[in-house]
1. Give me the one-decimal nm value for the distance between modelled label points at C154 and L285, 7 Å along each residue's Cα-to-Cβ direction.
2. Which net charge results for the neighbourhood of T467, defined as the other residues with beta-carbon distances under 12 angstrom from its beta-carbon, given Lys and Arg at +1 and Asp and Glu at -1?
3. Of all the accessible heavy-atom surface of segment 1-136, with the other protein chains kept in place and a 1.4 Å probe, what percent is carbon and sulfur?
4. Points 7 angstrom from Cα along the Cβ direction at E476 and F596: gap in nanometres?
5. Convert each backbone phi in segment 375-392 into a coupling constant with the Karplus relation 6.51 cos²θ - 1.76 cosθ + 1.60 (shift: θ = phi - 60°), then list the ³J(HN,Hα) values in order as whole Hz, x for Gly and Pro.
6. Among F261, L281, L195, flag the residue with its Cα farthest along the positive direction of the charge dipole of segment 192-292, charges on Cβ as +1 for Lys/Arg and -1 for Asp/Glu.
7. Subtract the Cα-Cα distance of D344 and E235 from 0.36 nm times their separation in residues, and report this length gain in nm to one decimal.
8. Carbon and sulfur together cover what percent of the accessible area of segment 151-304 at a 1.4 Å probe radius?
Amino acid sequence: MPRLRLKIVGLVQGVGFRPFVFKLARDLDLRGYVRNTPGGVEVEVEGDKTNLFLERLTSERPAVSRIESVDTVELPCCGLEGFFIEASSGGDGSTPVSPDLAVCDDCLRELLDPADRRHLYPFINCTNCGPRYSITTRLPFDRSNTTMASFEMCDACNREYRDPRCRRFHAQADACPCCGPGLSLHVANRRFVHLLGDDPLLSAIRILKAGGIVAVKGLGGFHIACDAADADVVELLRRRKERGNKPFAMMAADLDAVRRFCHVTEEEARLLKSRSRPIVLLRRLAGCSLPDTVAPGAGTLGFMLPYTPLHHLLFFRPSDTPLPHFGCLVMTSGNLPGEPITADNGKAVAKLSGIVDAFLMHDRDIFTRVDDSVVREGSVIRRSRGYVPEAIPLAGKGPEVLAAGADLKNTFTLTRDGSALVSQHIGDMEGHETLLFFEETLEKLRTLYSINPVAVACDMHPGYVSTAWAEAQGMEVFKVQHHHAHVASVMAEAGLEGKVIGIAFDGSGYGPDGTVWGGEFLVADPRGFLRACHFRPLPLPGGEAAIREPWRTALAWLLDVAGGRALDIAGTLGFPDRYGEERVVNVLRLAGLPEFSPLSSGAGRLFDAVAAVTGIAGVNTFEGEAAIALEHRAAAGVDGDYPFDIREGDPLVLDFSGTLLGILEDIAAGRGSPLVAARFHNTVVRAIISVVERLRTLTGIEDVVMSGGVFQNRYVTERVVPGLTDRGFRVYLNRRVPANDGGVSLGQAYILREWLK
Ligand code: ZN
Ligand code: ZN
Ligand code: FE
């Protein structure tokens, strides 16, 4: 009779794997045990049907689990009896922790079933759903190693936990109203005190309905919620949160509710309903009834569906009406401007009392903060809750390294063996609180997986906080050029190790020549790069100021192309009316002074300038605002484009002067901005294809990699990708990490790992 010992590696903890093995083994009349080890799951089975066991182990595994490898050793039969789930064994801590999972349908049914003992219990969960990464303090994933450790299970829960027929068999975070966490409501604004009743949840719903703003503790931190249909309260929240025009994320009652406001494709519906429950960016319907202030002037809205039982109850808590309480709620991160998300009850009250009227809280602690993830069909914009800490497999094994990332949209990356752990979204590193969040998260992930990096990678930018931080660690530091890291992030994901044509378009990144780069064509591999072609640099009058005010960049470009006629042209474009005659004259003068106008080849700045010239947007209240508006304005079905030049030299220089002249001609001829925006985008597409073809002629390379925030522009990617593929190129984009600076740490880590090999 065979006896097998299996070592199973992959996403096999916190996903109901042991109960599944237990049931399968009993089903097949096998004896032995299953237990979590820090490296994964270990199983011993003895009996006649071990082959069938192996087969069904992979074919019937829990939907959320992932098996990377099964290591099988045959042992002499030793007459085991029964089958047991054994206590976890300690060890080296390399198994993945599951990301946090949205509440499952079985739990939702029980939640709304008056006969169930967890009826309306906001913390219902099971082996298939509930908090994971955010509550895990140590590996393996056992209750004692989570923030649920302080809640002792009652008898009823304990019976379920031990009953192999129950779907809560070995559910580590399980709880019920008798023994688990509970809700509380704290009213911060006296105006709403009269709405406070016995039931915290109903009280919160009443406050929201009365036009109040409520902080709601979720899975990875606090949200700030208000009724999205109420323009006044949304506007008030925008003011209190000093939000500029940046769109608010929203949570809708269900898919039907989302469809009342946005177009939803099948793939988008799948994303909305996936277990990761990200915020999905969707095209706003023409007749969308939501007030414009939820996302001023934006063509897309970010929606997510309820993912905790508490969220479901906010919408569907039974009352006198069967309808949901709200069609959708604004659900923005609970933080102060420039700070990371708040997760601790006391800190939330201390920090957010000036913004919200009440706090809906609970006493299950969040150990690790994770913001909501943001995705768009086909790409990830912010990778956090529901995705982290899932490992990204890398080609081959390598040393353990740390990469500190970039300063905007920071993430960091740790590697071990054949995989990379990319952290959740950390934020913009200027804020002191963000740096603390960076350090805290790094320490937690490093400890959880016992990774001891031998070296640290960072950006070359001398002014980056992340660079200064890396230099202070007492480790060997390797500086990676920003756009090389962007390109390498795609190579890491796609497992590319040879030379590629790497296109990195973003707002700005430090160039080793001391200028700002960002419209780059590199010939690169993981070891190094050559700058093969770049956008012709433009002066940014006032430096940082030009990034906030794209009309300044537009003036510099006009001066560059039209010289002395720039002021007149600016006049016909309406600049003096919009920005003031005196400022226009001053900025034009500034544009001619190199010490006040640093040069930038940033592709983002070109999009900015076109948005300003066409009058679509002259100011960025958040990163990418003008470029996003320009893309949104572009008309569909436009074929034409504008002239551009590829100027000889090493590197080649891509010059869009002719493009500006073409744009000015179209504007003078009275052609509308939708047409101009489309033709400009078409020009960028054609320019990319032309340069890439030139580089193929020079190098013979046919693998093309595209990264950087500009490639979040779908108008461009949806045309460049088929354009290049039709010409015989293989094209790769970021899939699992963001194309924006959130992906830079993965690229840095990949490069450093190669250097050390
Ligand atoms: Zn469940
Ligand atoms: Zn209980
Ligand atoms: Fe960048």
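The values are calculated or read from the model by the stated rules, or taken from the named source; none is laboratory data. What you are looking at is a predicted structure, and each value in this text was computed from that prediction instead of being measured. In this analysis, Cβ positions are derived from the backbone assuming ideal geometry, glycine residues included, and neighbour counts consider all displayed protein chains. To get the accessible areas, we keep the full protein, side chains included, count just its heavy atoms, and leave off ligands, DNA and RNA. Shrake-Rupley method; radii C 1.70, N 1.55, O 1.52, S 1.80 Å.
1. Between C154 and L285, the simple spin-label model gives 4.3 nm.
2. Around T467, the surrounding residues sum to -2.
3. About 48 percent, which is the carbon plus sulfur part of the accessible surface.
4. Here the modelled spin labels are 4.7 nm apart.
5. Here the 3J(HN,Hα) series is 10, 10, 3, x, 8, 9, 9, 9, 9, 9, 3, x, 10, 8, x, 4, 6, 9 Hz.
6. Final value for the positive-end residue is L281.
7. Difference between extended and current length: 36.6 nm.
8. Within segment 151-304, the accessible surface is 47 percent carbon and sulfur.
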